[in-house]
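The block underneath contains the structure these notes are about, expressed in structure tokens.
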Amino acid sequence: FLQVNYAEKITLEEISKHLGYSKYYFSKLFNAYMKCSFENYLASIRVQKFIEQLKPDTNITKLAFDCGFESISSFYRNFKSIWHTTPLKMQKELSEEK
């Protein structure tokens, strides 16, 4: 579900309600099985989808929003925490490879 609907506004509350669990119980289950929080997992999917679509001439801000991030600051924070670089540096590397 998350791999397909990553760009939508998805909350822990909505997912847990849909599955018939309280958000606290679902969060505990998710953390136990995935070894990370629901929010971090969703952010990692969104960052990966961003990377897959990134091209040398891509508007980084637009693509970040298209991938489901609601703010640029959360996008940059998540991107840097996962890739240990900035989106702009990665985009420049892509253009240098071609």
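Values quoted throughout were computed directly from the atomic coordinates according to the rules given, and no laboratory measurement underlies them. Worth saying up front: this structure is predicted, and the values here are computed from it rather than measured. A quick note on method: Cβ atoms are made from the backbone with ideal geometry, for glycine too, and the neighbour counts reach across all protein chains shown.
A few notes on this one:
- Test item: Cα-centred dipole of the chain, Lys/Arg +1 and Asp/Glu -1 on Cβ, debye: 220 debye
- Positive dipole terminus of the chain, leading residue within 64, 34, 3 (C-beta point charges): 34
- Bridging of residue 28 to aspartates and glutamates at a Cα separation below 17 Å is possible for 13, 14, 39, once same-chain residues fewer than 8 apart are set aside.
- The helix-based estimate of mean residue ellipticity at 222 nm for the chain, built from -39,500 (n - 2.57) per DSSP H run of four or more residues and divided by its residue count, is -21000 deg cm²/dmol to the nearest 500.
- Cα gyration tensor category, rounded, prolate or oblate, for the chain with a/c compared to 1.5: prolate
- Exceedance of the 19 Å cut-off in Cα-Cα distance is limited, within the set 35/89; 62/89; 9/92; 62/92; 9/49; 9/62, to 35/89; 9/92.
- Gyration tensor verdict on the range 1-53 (Cα atoms; rounded if a/c is under 1.5, prolate if a/b is larger than b/c, oblate otherwise): oblate
- Scaled radius of gyration (Cα, divided by 2.2 N^0.38 Å) that the range 26-79 gives: 1.26
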